[in-house]
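Have a look at the structure below, then the notes.
Read-outs throughout are calculated quantities, based only on the coordinates presented, and are distinct from any laboratory measurement. These numbers come from a predicted model, not from an experiment. In this analysis, Cβ positions are derived from the backbone assuming ideal geometry, glycine residues included, and neighbour counts consider all displayed protein chains.
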Amino acid sequence: MKREKRHEPDLALHIEDLTVAYEGKPVLWDIDVNIPPGVMAAVIGPNGAGKSTLIKTVLGLVKPTAGHICIHGYPPRQALKRVAYVPQRSAVDWDFPTTVVDVVMMGRYGHLGWFRWPGKRERRRAMDALSAVGMEAFANRQINQLSGGQQQRVFLARAMVQDADVLFLDEPMAGVDATTEKAVVALLQELRDQGKTIIVVHHDLQTVRDYFDWLVILNVRVVAQGPIPEVYTGENLRKAYGGRIALLDPDSSGETPDAVPREVVN
Amino acid sequence: MLELLGNHTVQTVTLGAVLLGMVSGLLGSFAVLRQQSLLGDTLAHAALPGVCIGFLIAGTRHLGWIMAGALVTAVIAALFVQVVTRYSRIKMDAGLGAALSVSFAVGVVLLTYIQGHASASQGGLDSFLFGQAAATRPSDLWFMGGVTLAAMALVALMWKQLKLVTFDPLFAGSIGLRVGVLETLLTAMIALAVVVGLQMVGVVLMTAMVIAPPVAARQWVSRLEHMVFLAMFMGVVSGVVGVLLSAGVPNLATGPVVVLVASALVTLSLLLAPGRGVLWSWLKLWREQRSIGQRQMLVTLHKLAEHHEDPYYPVERSMLDSFYGVATGHILRRLQARGFVVPASHMRQEGPHWALTDAGHNEARQELERMDWNQAGV
């Protein structure tokens, strides 16, 4: 581990020639992704484009078929403490018998020794994170009493106590109220301004330009990636979404669309 | 019933039931929360062919061989389910069902083969189907105690890992926990617990010991550590009460009685537990309805007083009854108790009358504001 030289250490996330297949069918095909540190990046693409798979592979939850991944120059298993992960809210059973502050403390488990139980210090960190997301009053509540937006804030607080350099969030704005969405975005932007890298699987094309400064458009392959002004173009979106997108922009010259693109459901 | 505890056999069986209740409540809590309640059922049924194979190898009803055989086939079935659900499109429930029925069929075939061929020593092998608690020997308690102790040590040492893997396996994987290893470990421990219970409860009913105590415990508490302790306690209670009941009444099979006691605990918990119980939610609904009736009544009286331009306008009860189509006396008496209405008299030949108090008018005005606000919010 110590002898190995870091590969592409100047990039927060470096992915090269990555292919991931489920049951012989490629979900991600030969992709290269490079995200510099200190940006807030959105990963967008139609359903089945491999967005969640990309994040799960980076976190080591899914085994790649080919290719390699580096986080700040380290392979994922050596970068565990540098990354934080916010799964989709629906991934857990919110009727699980535990409290809000308990869930946030889980963010410190990776830093505790194998047999150490979380103690006072972990609780204090969790309380700080809860007040940062405006949930300190809920610390001792049962998690089954939370609304969708509150659940998301708790998950975000858990990611914050991980002290990571790179945060991965899987659809954090899905099914939350407008107030929470604004609060979550403000918090993420604040984290970015502290120098952290935020990578978000996002589904709402309308807000991409307002929230993010970096964009990866995915559809099994990488359609385009880079700073928002260069990448968020009608041409790129049409390439990724095909007929499933209706651009309200009459000018299809490939310039950044003025009108808001809307993903057509079904 | 207590004098039964002086009996040596009853002592042994009771101690066995205590150990079984502890280990199954402890490990069952994790199985139930991981929504793998059926896993216990599959493991128990898959133990039957192992019981027979153990018997065939030993050539006699040697408990060590039988338990070892049971453990091996139960673990094979669990691994089969894990591999099949990971590498094919078959879902967990279908995989568990397939493993359960196939291995139970193999077990029954082997059982009938043994009964047809083996010597007299095969006697009572079918007692593993429904359990035979009285056959528990003091030496078995060492095995049961060892398994219980190992399970408790495992859970105590790896508490945070097991909790995290149960609550949020994806996140657990992202911080580097070996989710697959931990899940296999939990499954193997449940298989051990099942094997512990075979002798006493039998393969068919063993799953109830894994599921019932945790389900009952979950109703009463809202912290994982409390749930685990309460599930262990409930497992012990069902075991001990079941054993004593069946020992006190002739011709009662112990295993089924233990399971019935556990089921009774579940039923009581589902009905009575505060917050989650059925009766609790009925009570809440009933209170809500009562309060709606009272609020409506206040508004009606307030409007009538406004209409008659007399704040203390007495309204005859029979008029209110006909307006609501039900007897309103109980609603008015409750409002009176809260100080919102007072009885009033109007004309001697008329029935009882009621008038709003100042507090009642205040309450009614607040109610009307709330209603306006709710409508504006829509």
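If I fit a long axis through the Cα atoms of helix A:178-193 and take the longest principal axis of the Cα atoms of chain A, what angle between them do I get, 0 to 90°, rounded to 10?
90
Quick one: net charge of A:Asp17's neighbours, Cβ under 9 Å, K/R +1, D/E -1? Let's see the in-between values first.
Numbers: positive: none; negative: A:Glu16, A:Asp30, A:Asp32.
Result for the neighbourhood of A:Asp17: -3.
Taking each pair of distinct Cα atoms in the protein assembly as shown once, what is the resulting Kirkwood hydrodynamic radius in Å?
Taking the inverse mean of 1/r over all distinct Cα pairs, the protein assembly as shown comes out at 29.5 Å.
Under 10 Å, Cα contacts only: if you run a Gaussian network model on chain B, which one of B:Gly21, B:Gly197, B:Gly339 comes out with the highest mean-square fluctuation?
For chain B, modelled as a Gaussian network with Cα springs under 10 Å, the answer is B:Gly339.
Explain nothing, just the number: relative contact order of chain A, from Cα pairs under 8 Å at least 6 residues apart, as a whole percent.
Result for chain A is 23 percent.
Restricting to DSSP loop positions (anything but H, G, I, E, B) with no more than 12 other Cβ atoms inside 10 Å of their own Cβ, which trypsin sites (Lys or Arg not before Pro) remain in the range B:47-92? Spell out each step's value before the answer.
Numbers: sites: B:Arg61, B:Arg86, B:Arg89, B:Lys91; in loops: B:Arg61, B:Arg89, B:Lys91.
Here the sparse-neighbourhood loop sites are B:Arg89, B:Lys91.
To test your reading of the geometry: what angle, between 0 and 90 degrees and rounded to tens, separates the Cα axis of helix A:148-160 from the longest principal axis of chain A?
Around 80 degrees separate the two axes.
Non-local amide H neighbours of B:Thr357 (under 5 Å, H modeled in plane, Pro and chain starts lacking H): which ones?
Correct list: B:Val341, B:Val342.
Step through the residues of the range A:205-215 one at a time and calculate ³J(HN,Hα) from phi using the Karplus curve (6.51 cos²θ - 1.76 cosθ + 1.60, θ = phi - 60°), rounding each to whole Hz and writing x for Gly and Pro.
4, 5, 9, 4, 5, 6, 8, 10, 10, 9, 9
Could you work out which residue, out of B:Ala359, B:Ala94, B:Ala58, moves most in a Gaussian network model of chain B, that is, has the largest mean-square fluctuation with Cα springs under 10 Å?
B:Ala359
In nm², what is the average projected area of the convex hull enclosing the Cα atoms of chain A?
On the way: hull surface 62.3 nm².
With the hull built on Cα positions only, its mean projection is 15.6 nm².
Between A:Leu169, A:Leu188, A:Leu61, find the one with the highest GNM mean-square fluctuation for chain A; connect C-alpha pairs within less than 10 Å.
Result for chain A, Cα springs under 10 Å: A:Leu61 fluctuates most.
Taking each residue of B:164-170 in turn, how many C-beta atoms of other protein chains fall within 10 Å of its C-beta, and what is the average?
On the way: counts 4, 0, 4, 10, 10, 4, 12.
Neighbouring Cβ atoms belonging to other protein chains average 6 per residue here.
Would you list which lysines come within 22 Å of A:Lys120, measuring only between C-alpha atoms, while excluding same-chain residues fewer than 8 positions from it?
Within reach: A:Lys81, B:Lys160, B:Lys163.
What dipole magnitude, in Debye to the nearest 20, does the range B:280-377 give about its Cα centre under +1 on Lys/Arg Cβ and -1 on Asp/Glu Cβ?
Dipole of the range B:280-377, to the nearest 20 debye: 540 debye.
Could you tell me which chymotrypsin sites (Phe, Trp or Tyr not before Pro) in the range B:241-312 are loop residues by DSSP with no more than 14 other beta carbons within 10 angstrom of their beta carbon?
B:Tyr312
Are there DSSP H segments in chain B that both extend 15 Å or more along their axis (alpha-carbon positions) and score a mean Kyte-Doolittle hydropathy of at least 1.0? List them, or say none.
B:8-33, B:37-58, B:63-87, B:92-117, B:138-157, B:179-201, B:224-248, B:254-272
Could you grab the relative contact order for chain B? Cα pairs under 8 Å, six or more apart, rounded to a whole percent.
Averaging sequence separation for qualifying contacts and normalising by length gives 20 percent for chain B.
Per q in 0.10, 0.17, 0.19, 0.20 1/Å, what log10 I(q)/I(0) does a Debye calculation on the alpha-carbon atoms of the range B:280-377 return?
Results for the range B:280-377 at q = 0.10, 0.17, 0.19, 0.20 Å⁻¹ read -0.28, -0.77, -0.94, -1.02.
In Å, what Kirkwood hydrodynamic radius results for chain B from the alpha-carbon pair distances? Don't skip to the end; give the middle numbers.
Numbers: mean 1/r = 0.0403 Å⁻¹.
Over chain B, the inverse of the mean reciprocal pair distance is 24.8 Å.
Normalised by the number of residues in the range B:280-377, what is the relative contact order in percent for Cα pairs under 8 Å and 6+ residues apart?
That works out to 31 percent.
What is the average number of partner chain Cβ atoms found within 10 Å of a Cβ in A:94-101?
Counting other chains' Cβ atoms within 10 Å and averaging over A:94-101 gives 5.
If Lys and Arg each add +1 and Asp and Glu each add -1, what is the summed charge of the other residues whose beta carbon sits under 9 Å from the beta carbon of A:Gly67?
With Lys, Arg at +1 and Asp, Glu at -1, the neighbours total -4.
For chain A, the longest stretch holding no trypsin sites (Lys or Arg not before Pro) located in a DSSP loop with at most 16 other Cβ atoms within 10 Å is which?
Excluding the exposed sites themselves, the longest stretch runs over A:142-266.
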